[in-house]
Structure formats: structure tokens, C-alpha cells
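Beneath this line is the structure, given in C-alpha cells, with notes to follow.
The values are calculated or read from the model by the stated rules, or taken from the named source; none is laboratory data. These numbers were taken from a predicted model, which means no experiment stands behind them. Don't worry about glycine lacking a Cβ; one is built from the backbone with ideal geometry, like all the others, and counts go over all protein chains shown. When the accessible area is computed, the model is the full protein with side chains, heavy atoms only, and any ligands, DNA or RNA have been set aside. Shrake-Rupley method; radii C 1.70, N 1.55, O 1.52, S 1.80 Å.
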Amino acid sequence: MMNILLGIGAILIGVILFMIFRVGTLISVVRGSHHKRAGTSNKVNAALLLVFLVLGTIGAVWSSYSAADDFLPAPVSVHGEQIDTLFWVTMGILCAVFFATHVLLFYFPFKYQFKEGNRAAFYPDNNKLEVIWTIVPAIVLTLLVLSGWKVWRDITADAPQEAEVIEIVGQQFNWWVRYPGKVDKELGAYNFRMIDASNAVGIDLSDEKSFDDFMGPSGELRVPVGKPVLLKIRARDVLHSVYMPHFRLKMDAVPGMPTRFWFTPTKTTAQMRQETNNPDFNYELACTEVCGRGHFSMRLIVVVEEQADYVKWYNTQKPWLASTREDNLQKVPANLREKALQIIGAGDNPSAAVTPVQEPTTEAPVNPAVVKTSTSAQ
Amino acid sequence: MSAVDIHSTHGVGHDAHLDHDHEHEHHDNFITKYIFSTDHKMIAKQYLISGIFWAIIGIGLSSIFRLQLGFQDIKLTWLKPILGEWILDSGKIDPNFYLALVTMHGTIMVFFVLTAGLSGTFSNFLIPLQIGARDMASGFMNMLSYWFFFVASVIMFVSLFLETGPASGGWVIYPPLSALPQAMPGSGMGMNLWLISMALFIVSQLLGGINYITTVINLRTRGMSFSRLPLTIWAFFLTAIIGLLSFPVLMSAALLLIFDRWFGTSFYLSEIYIGGEALPNVGGSPILFQHLFWFLGHPEVYIVLLPALGITSEIIATNARKPIFGYRAMIGSMMAITVLSFVVWAHHMFVSGLNPFLGSIFMFLTLIIAVPSAVKAFNYITTLWKGNIVFTPAMLFSIGLVSFFISGGLTGIALGNSAIDIQLHDTYFVVAHFHLVMGAASAFGLLAGVYHWFPKFFGRMLDEKLGYIHFWFTFVGIYLVFFPMHYIGIAGFPRRYYSFTGFQVFNKYMDLNHFISAAAILTGIAQFIFLFNFFYSMFKGRRAPQNPWRSNTLEWTAPIHPGHGNWVGEIPSVYRWPYDYSKPGASEDFIPQNVPLSATPESNLPHEQGLIGDEIEDMETGVVFDKKEEINAPTVKDHKLPKGSAGADQNIRNIGGDPEKL
Ligand code: HEM
Ligand SMILES: [Cu+2]
Ligand SMILES: [Cu+2]
């Protein structure tokens, strides 16, 4: 019933508008106003352009001002701060150009609106002007590019040797995180053919380096503060993209082509909780490459800890192989099984078999091969 | 060969035919006139109507997903009769369907509305009319081009009604998502139809493009040298060249994807575990697809934009009553854009795993392309300076276009900086960028063109007042939608998200999203003003005068209802560039291109005065033409053009002879 009423109402309004339109047309025909080259409408439109300029400026300034609180979430990586500076400098220049050009774009039509008896200037070109406004933008852009390029090069440079290497793997619709175990501090190889219900990221058990690897707690990526972290990124099924807004970090996860991104967190989760006065605050990781139905829900919490806490946590983690011993141990080639058992045992009792990892500085440098492989992953 | 059609309708045995109004064509039946027409004007109208149809669908789809984004709790149960299972029992739309909506919205708007609807309409309509040709070089190919597009449209339309839904992996259809039916329902039959439809669409574009290029090169009327071409034609010409070079690459991308889907090849697939099994494919690369796609994709955005810029140049000059400022610089910048648009594609892939060194290269190249874009914007503004501006609706839309072009182009500079793009890539900042610079700007070009050339299309005028109302609603509306969208992007919101509430960092700006959705839907509704105006005026509008905007270009010298063949009798010759507006000394504030210099001694510039000697009068016809041009122009005697082709036909007429007598 309501719908019918609404429908009738809409039709009535339509009819009324139509009548007004007809009457308007007839009047203009009678007045012969369409014979004039430019009538009142011309003045109205010229004025409206100016009004638009003024209101638009106010609106743009006011709205960006009131929305600004939630702009770029606080940067918590070393390169993130550089990106932010670059962004705001660029935006500053862009906004200046935006306002300058728009003032002219809307003021000229108002100023030079049609007047009977006026004549436009016959001013077809001016090479000097053309040269100026080719060269000036070119220079400004060059400066922007050069400063951007420097930051880009730093960001994409090879990760420092001491970087904490962590593997992150996307699948529809969640993430897996794998850490290199403390025995060799190297990620083992992987093979997508070994993926199954218990082996989510296809840890290759014929590679002894993988025996001590462990999977991060579900839903969480844990990293130490103040230390470079190298993410080695993969995807199991379709494209995904690792996006950590607070860290200004984004890199696609590509099946068949590992990628990487390294960064240095600058603030722990606890610090941020304090600063934002929000005890529930968490850093997050989201997927930014459309990957299907659950794309919008591929969330991971990023926990940034003090280095000492991180190391303590790290040392208590059990190798993945240990937790799924029954299923997977027989997949280890016979000649390596003993070694595997030994490492698993070590996992059970961290203080016994292997020396636990200490503060990064006292640690032997990570095998450069790890860094190298990730570099050549291009 | 195809042009034989034209010949047969106009040449053979119809001597008198040329002398009477073509409206009374007696041998055109409904089918040849309205459906399988080879007349460029009818084909243009077919493209226009198809474009409008697709725009309604495309905007409709976006309204639905904006409801989802803006009003998280809204119950859409009332859409169930149309959408069925896609509305969940909770009254929300299915996330898969959300993705289908954004994918089809993108595909439809970019390809079917702003490529086919814009280039298809105006290249077809204006090229022959503005260069002074009787029709396209090949009317038959032109007709084929439309019908390939039509079939592509039908297939794409049908895909909307599949039970598994249309393609849903985004308009860029990145594999493996688009290659694996098990990855999402839309990658099943919907994707098949998408690929088939796009393949046909590409064929249509190539047929059309070859025709535009050939026509511009070969069929210009006497005196219409390249340096006297209206900027519209330059834009269409360069657009067609871009299309011809880039669409085949999309074709190959699509073909390889079809192979991967149907025949088990591994061009884009490697090391995939999905649906509980490891696929056999190894060695392929999803990145390869991205390279191929964006090798078209970036030029494509200029394919969409350049015609709109050409239309704007024409309309701004006409209504500012001033020559376009920097005619040569405009051409130069369009040429620069044409070339550069092929070497910036990887700026869409900065964080795809691309080699960072390549990223640096593409950052440099990308920011170079901003220079010619800036030059164009400055030239438009300077054209307005000291004008005597008449605000027709077309003029307003053109000014609006320049505004969008600037706003969106500027944010491109932020995105083109690869370091900044790390944060902004695939966020709403990108969405705001390209909707302004490509979506809104080109849509305004399309609308400006319709308002400006409607009299030539239909012999009637659109209602001005409705045009103004339409403009202001749309212009303000688009800014209300896309300006705040930057904020959401700067805050980091990713695009193609069904909902943001799952994340702390994105769980804000609810009110802003409400606002954007409301503005978007209202702006969409405002388009009905245009629809009404369009269809009403087509039949009931005020009758158009010969040259309603007092414009210089040739199309306004043709009859108000041009028949097949465009001009009755002679095709006018051209003696000057198209921008002699407000020339000092002239009595009127415009001098059409077909007015000889010898007829305007009072306004000729010194160097033009010297050229008069080159103009000679054809004794028989009284037509004045330029000696130099005559030497350069191919004549029938060259026998370069097959007799009976549109070109030959035209040359005969140009020298005043009767095709039958020669
Ligand atoms: C001033 C020159 C321009 C520059 C420097 C520029 C730069 C960029 C960059 C770097 C991106 C990629 C952003 C990302 O995905 O992270 C982008 C996206 C895009 N640009 Fe531009 N742009 C410019 C002008 C244009 C123009 C004139 C158009 C259209 C006519 C356009 C249309 C697009 C489209 C459609 C996308 C997004 C495609 C997608 O991801 O779906 N851009 N632009
Ligand atoms: Cu995703
Ligand atoms: Cu691009």
C-alpha cells in the first residue's frame, strides 16, 4: 500500500515538474529569449561559478580539516616517516596548484562572461608562456621525483643482514606466518605440493632447515621493535597483498613468485596503546588485492614487542614438526629423520640441546644466503 | 570495397539525387536506415544510444554497492525480487555479489560507456563532418564495428543474469583469481562471457580505429591540412592510434587467459594450491598478465580521456569566442601524451613484486606524462582569459571537465611517486583519482559533446534550462562524492572491500561513507533530468538553426538534417584554421573555415593576406581553393583511390566535376 502511494506521489511530482518545464519553454518562446545570444541565464551561471569557487574552497578546507584526525594513521616504521613527509610535501604543492588553477578557472568565466558589444581578445598563442609552463612543472616534478626516488631506493634496498626474517603466506581467506626456528635461524624450503591440512604453507620436510621452523600463533604477526624485519611474502592460491597501514607497508603476495618487504618498527603495541589512550589498540594487517568473497576479512593483528620480550617469546616456540609429529615425521626422508628428532627434542626443552638465541648483537650474522635468495626473488 | 555502398546510394544513376535534400531518401528501408546502416551519423547515434543504455546500467550497479558501503545496516530485502539469491536472508548483499557489482561497474563504465559510447559516438559523427568527407573510408567496416560492439554488449549483458554471477575479480581481472573457477563463482561462466565479450569488443575497436585513422588521413576536404584540423579530430585521430596499438595487447592477454582457463596452459599460473589440491601448473607468472593488461590499461585511460579533451577544446574555443590558446602546443601535448602513455604502464604495479629498479624507471616516466597534461590545463584556462563567454550547457560541462582533469591529474602526481604509492596503492585515494580524472572528466566530455552537437544529431535543440540544472547537480554531486573519497584513501581504506567494520584501523568515517553514498545516489538520480531532456527534445525540442553556436567548423555548413553523404552538392573547401573567433577587423565574431581569405581582407593577418594569391577560383563552380592544396591533394587522375570509393567520389566533387561524366 505504502509503495503504491509512494509510486503515485512520484508520478505526480514528475507530472508537475513536466508542466513547469513546458510552461517555462512556452514563456521563453513567447518572449523570444532564445533569440538573444546570452540572457539572464548567462549571468546566473557566471555568478554560480564564482559561488561554487567560494563555497567549494570553504567546503574543501573545512571538510579536510575536520577529517584530518583520521588521516594517515600514525607512522610506526622508519621509512614510514619518510613516506609521510614526502606525501605531505607533495600534497602541499598539489593543493597550492589546485587552488591557484581553480581560482583562475572559475574567476575568468565570471569576469569575461558574455557582454553584448564586447569582443574577445584574438590571442591565439604565446610561445614564451608555453615554454614557461612546460618548464616550471617539469622542474617541480623533477624535484619531487628525485626526492621520491631516494626514499624508494632506501625502502627497496636489500634488507640488512641482521634482519629478522619472517614468512607470511596468504590464502583465501587468511594469513599464515612462519618463523625460522632458533636452531639455524633460517627458513626452510617450501613446496606447494606438500601443502595439506596440517602443512598449511607447504613446508618442505626434505630440507633440514625447516625442521626447527615454527608457525606463528593464528591471527597474529609478532615482530620486535627497533630491529629490521624482512617479510618474505607468498600466496598459496590467488593474489593477495600484505598491507600494514601503520607501517606504510604494502606488497603483493603472488603464487609462484615470492616477494619481500623489509621495515623497522619504531613503536611497540604497548606504547601505542598508551599514546592513543586505547587499551584495545592493535596494529593490523589487511589484504589489499582482491582475492574473493572473504577479501575484506583477511585480518591479522600485528604485535610489536620490545626486543627482549620478543626473544623470550621466540625461544619458547615449539617447532612446527614437533606439534604435528605423528603426521609429518614420516614425510621426512629417512636419512634426515634422526636429525629431525633431535631438533624436535630440542624444541621440547629449549635450554638443553641448543643455545638459545640471545640479543641480536651477540648473535652470529644470519647466513647471507637467506637475504640473497629473497633478493633474487624478483 | 565497402564504400561501394555509398557510391551505389549516391553516385550511380542518381544525378539529381545530389541536388535535393537527403532526407527524402526513398530507397532506404527501416533496416538499412536504422539497423544495418553504413551512414556514419546513424552509427554514431547507435553508439550513443547504446552508451546511454550502458551508463544507466553502470550507474545503477554502483548505486547498489554504494548502499552497501554507506549504510551497513540497511535491509535490501526489497531488491530480492530482482536480485534473488544475491540478497542474503539477513537483507544484506552477498559479498561475492558485491565484487561482481564493482567489477561490472568498472568494465561497463570504462569500456562500454566511455570508450564505445564516447569515441564511438563522436569519432563517428564528427570525423567526416568536420574534415569534410561524405562518410567514413569504409562504411561497411564501420557498420561491422558497431555490430561487433553490439554482440559484445549482448554477451556482457547476459552475463549479468548468470546464476553464478558475472565476472567478479575486478575490472582488471587479475589471474589466478580470474583463471580459476574454484576461486570464486564469478570466475566460472561469468568470466568466460567476459572474455568472449571483450574479445569481440576489441575487434570492434580495431575496426572502428582503422576507419578513423584512414578517414582522417585520406578523406580531408580540399584545404583541410593537418594544421587546420579541429582539435577534436586531432584527439580522435591520436586516440584511434593509441587504440590500434594497445588493444591487440589486451587481446593477447585475454587469449592467454582463455588458454589457461580452457586448455590447461600455464601462462599465468604457477604453484597453486586451491580447493584442497595442488594444481599441475608451474612456470607461469601472474605478473605477466599485469604487464599485458596495463600495457593496454594505461593507454586505455587516455583512449577514454583524449576524445573528451578534444571535444572540450572545441567547445571552449567556440563559446569563449576566442581561438583555442596554443593550438600547436595542444597538438604537441596530445602527441606527447600518445607516446608517453605507452611507457608508464608499470606505475600500476609498483608493489606487485616488480623489480624496484623498474619501479624507479616508471616513476620517472610517469611524472613526465604529467607535463603535457599540465600544459593542456593551462591552455584551457588561458583560452578563457579575455574571452566573451557564453555559458551554454556544453560550455559549463567543458569547464567542469577542466576542473576534474586538474583535480584528478594532480593526485596522479602523488600516486606516480612510487614511494608514496606504497601507502596509497589500492586504496580509495586511487579510486578518487581515477574517477575524477577519467570517469568524471570523460563523462563530462561525453555530456558536453551531446549538448553541443545535439542540434546536428537530431536537428533540434536540447532544453537549456534543464541542461543548467543537470550540470549543477552533476558537477556539485561529483565533487561531493569524490572529494571526500580522498580522505578515506589517505586514511588507508582499501578498495573493493565489502565492509570495513572488521578492522580497527578502518572502523571510522562512517558518516563520511554515508555522505558519499547519499551524494552518489542523488547524483545518479539527477541524470534522469538529462535522460528526459534527451528523449523529449529528440522529438519535441525546438528546431535547430543552421549554426546554433556560431561555430567555425564544417559540420555546421551541412544541412540541418544531413543525409547520407552529408553535403548536398559540393563539399565545402577549407581556407583557414577552425579558430578564427573574434578576429580583429571581422564584422562577426567568427569566420567559418570555409570562408576564403579573399573574402575577408578586412580581418586577414599580414601573412594571410599574402596567401590570397594562392587561392584560385574554379571558374565552373565558383569554388575558391588553394593552389598549393590542389597540387598536394590527390585527384581522380592519380587513380590512387578506387573509383567509387568515398574518397574518389569526394575528390571528383571537389574539383566540381560530375562523377558520372568523368
Ligand atoms: C597527471 C598524470 C597522471 C599520473 C601521474 C597518474 C598516475 C597514476 C598512478 C601512479 C596510478 C596507480 C595508482 C595505484 O594503483 O596505486 C594511477 C591510477 C589510475 N589512473 Fe592515473 N595518472 C595520471 C593521469 C591519469 C589520467 C589522465 C587518467 C585517465 C584519463 C588516469 C586514470 C587512472 C586510472 C583509471 C587508474 C586506476 C586503475 C585501477 O587501478 O583500477 N590517470 N594513475
Ligand atoms: Cu584479498
Ligand atoms: Cu596509468
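Okay, here's what the table says:
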quantity: Positions from region B:327-364 whose accessible area shrinks by 40 Å² or more when the full protein complex is built, not the chain alone, probe 1.4 Å; calculated: B:351, B:353, B:356, B:363, B:364
quantity: Separation of alpha-carbon centers, region B:511-552 and region A:263-296, rounded to whole Å; calculated: 45
quantity: Orientation-averaged projected area, Cα convex hull of region A:98-144 (nm²); calculated: 4.4
quantity: DSSP beta bridges in region A:164-353 [antiparallel fraction, %, rounded to 5]; calculated: 65
quantity: Chain A - percent of accessible surface contributed by carbon and sulfur, probe 1.4 Å; calculated: 63
quantity: GluC sites (Glu not before Pro) within region B:499-606: DSSP coil, no more than 15 neighbouring Cβ in 10 Å; calculated: B:588, B:602
quantity: Separation between Cα centres of region B:271-330 and region B:139-154, rounded to whole Å; calculated: 22
quantity: Area buried, chain B against chain A - accessible surface, total, 1.4 angstrom probe, square angstrom; calculated: 10300
quantity: Minimum 40 Å² accessible area buried by the other protein chains, region B:424-458 residues, probe 1.4 Å, relative to alone; calculated: B:426
quantity: Proximal charge balance of residue B:454 [Cβ under 14 Å; K/R count +1, D/E count -1]; calculated: +4
quantity: Positions from region A:42-73 whose accessible area shrinks by 20 Å² or more when the full protein complex is built, not the chain alone, probe 1.4 Å; calculated: A:42, A:45, A:48, A:49, A:52, A:60, A:63, A:67, A:70, A:71, A:72, A:73
quantity: Theoretical FRET efficiency, 1/(1+(r/R0)^6), r = Cβ-Cβ of residue A:132 and residue B:514, R0 51 Å, to 0.05; calculated: 0.70
quantity: Rg/Rh ratio calculated on Cα atoms of region B:393-482 (Kirkwood radius); calculated: 1.11
quantity: Between helix B:393-415 and chain B: long-axis angle, C-alpha atoms, 0 to 90°, nearest 10; calculated: 50
quantity: Compactness of region A:47-99, expressed as Rg and Dmax over alpha-carbon positions, Å; calculated: 14.7, 50
quantity: Cα centroid separation - region B:406-427 against region A:68-145, whole Å; calculated: 15
quantity: Longest to shortest principal axis, alpha-carbon extents of region A:164-353, angstrom; calculated: 52, 39, 23
quantity: Largest-first principal axis extents of the Cα set of the protein assembly as shown (Å); calculated: 111, 69, 56
quantity: For residues of A:131-138, the mean tally of beta carbons on other chains within 10 Å; calculated: 5
quantity: Nearest-ten-degree value, helix A:334-348 long axis tilted from longest Cα axis of chain A; calculated: 80
quantity: Accessible surface, region B:462-520, averaged per residue in Å² (probe 1.4 Å); calculated: 30
quantity: Beta bridges by DSSP in chain A, antiparallel share as percent, to the nearest 5; calculated: 70
quantity: Where the Cα pairs of region B:514-606 fall when distances are cut into 5 Å bins, in %; calculated: 2, 11, 14, 14, 12, 10, 10, 8, 7, 5, 3, 1, 0
quantity: Normalised contact order of chain B, rounded percent, pairs of Cα under 8 Å and 6 or more residues apart; calculated: 17
quantity: Solvent exposure of region A:164-353 as accessible area per residue, Å², 1.4 Å probe; calculated: 34
quantity: nm² value of the averaged projected area, convex hull over the Cα atoms of chain A; calculated: 31.6
quantity: Degrees between helix B:286-320 axis and first principal axis of chain B (Cα, 0 to 90, nearest 10); calculated: 40
quantity: Binned Cα-Cα distance frequencies in chain B - 10 Å width, integer %; calculated: 3, 15, 25, 26, 17, 9, 4, 1, 0
quantity: Over chain A, relative contact order from alpha-carbon pairs under 8 Å, at least 6 apart, %; calculated: 16
quantity: Exceeding the 32 Å Cα-Cα cut-off - candidates B:41/B:386; A:232/B:92; B:80/B:508; B:45/B:465; A:250/B:75; A:115/B:41; calculated: B:41/B:386; A:232/B:92; A:250/B:75; A:115/B:41
quantity: 10 Å-binned pair-distance histogram of region B:30-188 (Cα, whole percent); calculated: 11, 33, 27, 18, 10, 2, 0
quantity: Long pairs among A:43/B:540; A:185/A:318; A:227/A:267, criterion Cα-Cα beyond 21 Å; calculated: A:43/B:540
